[in-house]
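So the structure is just underneath, and the comments pick up after that.
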């Protein structure tokens, strides 16, 4: 990851419809959402959604895959992870204690439930 790619990703997310779209796609991982359904869920015309999806895809934040007559969009979580790591790379000048509150916010509150074992 470099500064140019990070700026492109942040610029793509710096618009309400695109941010809502990206968050919705993250929520719907790994199934993805069809472009028309995204437009309906966000409440924008399909041609407007198409323009927003193009910007998010160019920034590397989402990808689309044709399935029959629809394009299913998915968040590119690996790329987003790289952007986030780039931003946090020198977090707090290497002083881990200063980053602890941020890390705590990103850590799930509860461990995953273990599957019950049949006896």
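Read the figures in this text as sums done on the coordinates, not as results from a lab. Keep in mind the model is a prediction, meaning the values are calculated, not measured. We place every Cβ from the backbone using ideal geometry, glycine too, and count neighbours over all the protein chains shown.
Given the conditions (1) touching a residue at least 12 places away in the same chain (Cβ under 8 Å); (2) outside any loop (DSSP other than H, G, I, E, B), report the number of the one that residue 93 does not fulfil.
Residue 93 satisfies all of (1) touching a residue at least 12 places away in the same chain (Cβ under 8 Å); (2) outside any loop (DSSP other than H, G, I, E, B) except (1).
Could you pull out the residue among 41, 10 that is within 16 Å of the chain's Cα centre (by Cα) and assigned to a helix (DSSP H, G or I)?
Matching residue, one of 41, 10: 10.
Go through region 27-38 and count every residue that is part of a helix (DSSP H, G or I) and closer than 13 Å to residue 72 by Cα.
Number of matching residues: 4.
Please state which of the following conditions residue 71 fails to meet, knowing it meets all the rest: (1) on the phi > 0 side of the Ramachandran plot; (2) touching a strand residue (DSSP E or B) at 6+ places or on another chain (Cβ under 7 Å).
It is condition (1) that residue 71 fails.
Mind checking which pairs have a first residue in region 68-89 that is in contact (Cβ under 8 Å) with a residue 60 or more places away in the chain and a second that is part of a loop (DSSP other than H, G, I, E, B) and surrounded by fewer than 17 Cβ atoms within 10 Å (Cβ to Cβ), Cβ under 6 Å, 6 or more apart or different chains?
82/1; 86/1
Report, by residue number, each residue of region 38-58 that is in contact (Cβ under 8 Å) with a residue 40 or more places away in the chain and surrounded by 18 or more Cβ atoms within 10 Å (Cβ to Cβ).
55, 56
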